[in-house]
């Protein structure tokens, strides 16, 4: 309640609400909060602490809490420090918890309906791995350079497939994506750890030439469209398996090269 007075001095009171958590600190505290809200002319909304999606998960959280505190589960429960009430409540449960003040629910619904949520959409931002060069040109050059490691000679069929894939990959804006994955695989191989590209990525001759996958799609007649086509806007899946012995080293390399803010 005291903090509400400070906020009310600087914010539009029509857009300011006070939150009451149920179960909370007790009716005496709630009464004081409601009285303060009325004096300020602001709304009061119902809320609840949430630590899990449903009641069944609460006991798991309590066990983790006991482990963190290095004590027995029953001792944590005796202290009243458990997450017993911290789950997503149903509408009926919230109405029951707020039966003494139904306006808490009404205000919460009004607040929810007044919110305009618009998640900004933007194209994925890929890191620069082309050393200042055009990613599309870099991918083309690297693909053809490494194609000689895969084929004794580049037949018209091989070149036609490479050109077809490169055109679509670059047109959809995935050139940097292929370069990043190839860079990670190159580093892993440099450590001497085996890698294995799997999934629909094996349908790409570009991925094969770059060393991301080890299956020649021409030999096994794998259509590129199974992996990527003009109708696809999301990133294609280039799934790579790394040997567990050096997996942490590979992850560390990715963090160091591309930055923790750009790695998930």
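Coordinate-derived values only; no laboratory data. Remember, predicted model here, so these are calculated numbers, not experimental data. Glycine also receives a Cβ, built like all others from the backbone with ideal geometry; neighbour counts cover every protein chain displayed.
The Stokes-Einstein estimate for the range 192-264, based on a Kirkwood radius over Cα pairs and taken at 25 °C with 0.890 mPa s viscosity, is a diffusion coefficient of 178 µm²/s.
For the pair residue 49 and residue 160, the difference between a 0.36 nm per residue extended length and the Cα-Cα distance amounts to 34.0 nm. Here the gap between residue 111 and residue 219, fully extended at 0.36 nm per residue and compared with their Cα-Cα distance, gives a gain of 32.8 nm. Between the C-alpha center of the range 233-264 and that of the range 170-228 there is a gap of 15 Å. Max-minus-min Cα coordinates of the range 2-114 on each principal axis give 47, 29, 23 Å, with the largest extent listed first. Remark on the range 160-215: hydrodynamic radius 11.7 angstrom, per the Kirkwood mean of 1/r across alpha carbon pairs. Normalised by 2.2 N^0.38 Å, where N is the number of residues, the alpha-carbon radius of gyration of the chain equals 1.58.
With neighbour counts taken as other beta-carbon atoms within 10 Å, the residues 141, 92 rank, fewest first, as 92, 141. A straight line joining the Cα centroids of the range 40-95 and the range 137-158 runs 59 Å.
Applying 0.36 nm per residue to the separation of residue 146 and residue 7 and subtracting their alpha-carbon distance, the gain on full extension is 43.8 nm. Rg and Dmax over the alpha-carbon atoms of the range 135-262 stand at 14.5, 43 Å. So what does log10 I(q)/I(0) come out to for the range 59-162 at q = 0.17 Å⁻¹, using the Debye formula with one equal point on every Cα and no solvent? So the normalised log intensities work out to -1.00. Across the range 45-187, C-alpha contacts under 8 Å between residues 6 or more apart give a mean separation that, scaled by the residue count, equals a relative contact order of 23 percent.
For the chain, the relative contact order works out to 13 percent when only alpha carbon pairs closer than 8 Å and six or more residues apart are counted.
Spin-label pair residue 119-residue 75: with each label point 7 Å from Cα along the Cα-Cβ axis, the two points sit 4.3 nm from one another. Across the range 118-251, Cα pairs under 8 Å and at least six residues apart give a relative contact order of 26 percent.
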